[in-house]
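To keep things clear, I will list the structure first and then write my remarks on it.
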Amino acid sequence: MKALPGSKNFPAGDGLACKRPCLVVITGPTGVGKTNLAISLAEEFQGEIISADSMQVYRYLDIGTAKPSTEEQFRIPHHIIDVVDPDKEFNAAMFVELANEAINFLQERQKSVFVVGGTGLYINALLGGLLDAPGADGLLRERYRKEVLIYGKDYLYGRLKEMDPESAGVIHPNDLVRTIRALEVMEHTGKSITKIQGEHGFKNRPYDYIKIGLSMDRGVLYEKINKRVDRMIDDGLVDEGERLLEMGYDESSLPMQAMTYRNVISYIKGDQSSEDMIRLIKRETRHYARRQLTWFRRDPDIKWFAPEDENMISRAVNSRVLVYS
RNA sequence: GGGUCGGUAGCUCAGUCGGUAGAGCACGGGACUGAAAAUCCCGGUGUCGACAGUUCGAUUCUGUCCUGACCCA
């Protein structure tokens, strides 16, 4: 019988226990092959999968998010997929909450836990905890957005410079999302988000974990991404976009503003040709993969493998577990 | 065989009246703590086909060669 790295009582039978949950994290750029590997490992180690993907949480966004198929989800149960409608709010904090619940659930059933996905922030938030700061304030953000429309983009940044010069020194004047977040935190707590971040630094460590990164030659990865986009089109990506519009999920829903659906909607509305849609989805997905690599590269915890090194990865998962035996 | 027009970034091309070059696309690097497939910052990545000549200096002018397209034989 294989070891259960996520189980409370590993290894089974010898009375030694893993003091804290041990997670197996599998990450890497989009299209590298995380899903296949994770399913195979989950079968080998009798585990289940927690998806760490900020887009697969939305219902009805199936083809464009490369969501695991129903057959794949039948083979291995996936958690935190299809948990909200596309027009509902979702964020890193909600992910952490759901992931903690799922981990508890799996621990109780002696299942190993595979956290699989390419959303680096979600993984960091799960493993390191989020700031002790207030959550998103939709009304306040709306007010800020209106002020930008009236007074121009420099106005809000100017306010930030007055109220929180420390954060203004770190946030670029053009980065509206972070400017608004910093003002929001200041408004609610009177504290500088930059200061809070410095004190925090993702230092909570609720779980032990092994982080496995999948990587491959950049050119090969880009070729895979291009082909996957062609396949999405063949599989009916445009039909999926039309269905979503019929359901009332237009570009005012956040996930519909992400690279894939943004371009599908633009095509359906006649704003761009089919060729441009495909070209842009491919390009933006390649750029996304590059941004992911930038994020993961600086993480010293990640042990990197090629996707086909399944045996080595399997041994790494096992050996990590043996540390606790 | 003769002629015409080309050969400049990964691609398509512009340009330099002689002072080592720039657009689009493609691409590279970075930031990131409650929107993260979001948001934002930085970067031209080059033997200007090769060799010689003229010149203080040649990617630019001249010659020869290589090479591609087309035209005439």
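The values are calculated or read from the model by the stated rules, or taken from the named source; none is laboratory data. None of these values were measured; they are calculated from a predicted model. Cβ atoms come from the backbone with ideal geometry, glycine included; neighbour counts cover every protein chain shown. Ligands, DNA and RNA are excluded from the accessible area calculation, which covers all protein heavy atoms including side chains. Shrake-Rupley method; radii C 1.70, N 1.55, O 1.52, S 1.80 Å.
Points to keep in mind about this one:
- Search result, residues across the stretch A:269-289 that are near RNA strand B (Cβ under 10 Å from one of its atoms), surrounded by 14 or more Cβ atoms within 10 Å (Cβ to Cβ) and not aliphatic (A, V, I, L, M): A:Arg279, A:Lys282, A:Arg283, A:Glu284, A:Thr285, A:Arg286, A:Tyr288
- Complete set of residues in the stretch A:50-99 that are within 14 Å of RNA strand B (Cβ to nearest atom), in a helix (DSSP H, G or I) and in contact (Cβ under 8 Å) with a residue 12 or more places away in the chain: A:Ala92, A:Ala93, A:Phe95, A:Val96, A:Leu98, A:Ala99
- Flag for A:Glu284 being of a type in the set (Asp, Glu) and under 17 Å from A:Met232 (Cα atoms): yes
This table checks each residue for (1) more than 30 Å from A:Glu44 (Cβ to Cβ); (2) without any contact (Cβ under 8 Å) to a residue 24 or more places away in the chain; (3) near RNA strand B (Cβ under 10 Å from one of its atoms).
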position: A:Leu221; (1), (2), (3): no, no, yes
position: A:Val238; (1), (2), (3): yes, no, no
position: A:Glu246; (1), (2), (3): yes, yes, no
position: A:Gln257; (1), (2), (3): yes, yes, yes
position: A:Ser319; (1), (2), (3): no, yes, no
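- Residue in the stretch A:168-184 that is within 23 Å of A:Met259 (Cα to Cα), open to solvent by less than 60 Å² (accessible area, probe 1.4 Å) and among the β-branched types (Val, Ile, Thr) present: yes
- Only listed residue being more than 7 Å from RNA strand B (Cβ to nearest atom), open to solvent by less than 50 Å² (accessible area, probe 1.4 Å), in a helix (DSSP H, G or I) and among the charged types (D, E, K, R), chosen from A:Glu162, A:Glu147: A:Glu147
- For the residues A:Gln56, A:Gln73, the requirement of being among the polar types (S, T, N, Q) and more than 19 Å from A:Leu237 (Cβ to Cβ) singles out A:Gln73.
- In the stretch A:100-126, the qualifying residues are those that are part of a helix (DSSP H, G or I) and under 20 Å from A:Gln257 (Cα atoms), and the one that is nearest to RNA strand B (Cβ to nearest atom) is A:Leu121.
Listed here are the residues, each with its yes/no results for (1) surrounded by 15 or more Cβ atoms within 10 Å (Cβ to Cβ); (2) over 18 Å from the mean Cα position of the chain (by Cα).
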position	(1), (2)
A:Phe45	yes, yes
A:Ser51	yes, no
A:Ser54	yes, no
A:Ala66	yes, no
A:Thr70	no, yes
A:Asp82	yes, no
A:Met94	yes, no
A:Glu97	no, no
A:Glu101	no, no
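- Here A:Leu183 meets each of (1) at pLDDT below 95; (2) within 13 Å of RNA strand B (Cβ to nearest atom); (3) in a helix (DSSP H, G or I) with one exception, condition (1).
- Hits in the stretch A:223-239 (condition: surrounded by fewer than 20 Cβ atoms within 10 Å (Cβ to Cβ) and within 21 Å of A:Arg59 (Cβ to Cβ)): A:Asp235, A:Gly236, A:Val238, A:Asp239
- The stretch A:294-303, subset open to solvent by less than 100 Å² (accessible area, probe 1.4 Å) and closer than 14 Å to A:Ile26 by Cα, residue nearest to RNA strand B (Cβ to nearest atom): A:Phe296
- Test: residue in the stretch A:117-140 that is among the charged types (D, E, K, R), at pLDDT below 95 and open to solvent by 20 Å² or more (accessible area, probe 1.4 Å): yes
- Filter pass, A:Trp295 being among the aromatic types (Phe, Trp, Tyr), within 20 Å of A:Val116 (Cα to Cα) and either outside any helix (DSSP H, G or I) or at pLDDT below 95 (or both): no
- Residue that is most open to solvent (accessible area, probe 1.4 Å) [pool: residues in the stretch A:194-216 that are within 12 Å of RNA strand B (Cβ to nearest atom) and within 22 Å of the chain's Cα centre (by Cα)]: A:Lys203
- Subset of the stretch A:257-267 [crowded, with 16+ Cβ neighbours inside 10 Å and part of a helix (DSSP H, G or I)]: A:Met259, A:Thr260, A:Tyr261, A:Arg262, A:Asn263, A:Val264, A:Ile265, A:Ser266, A:Tyr267
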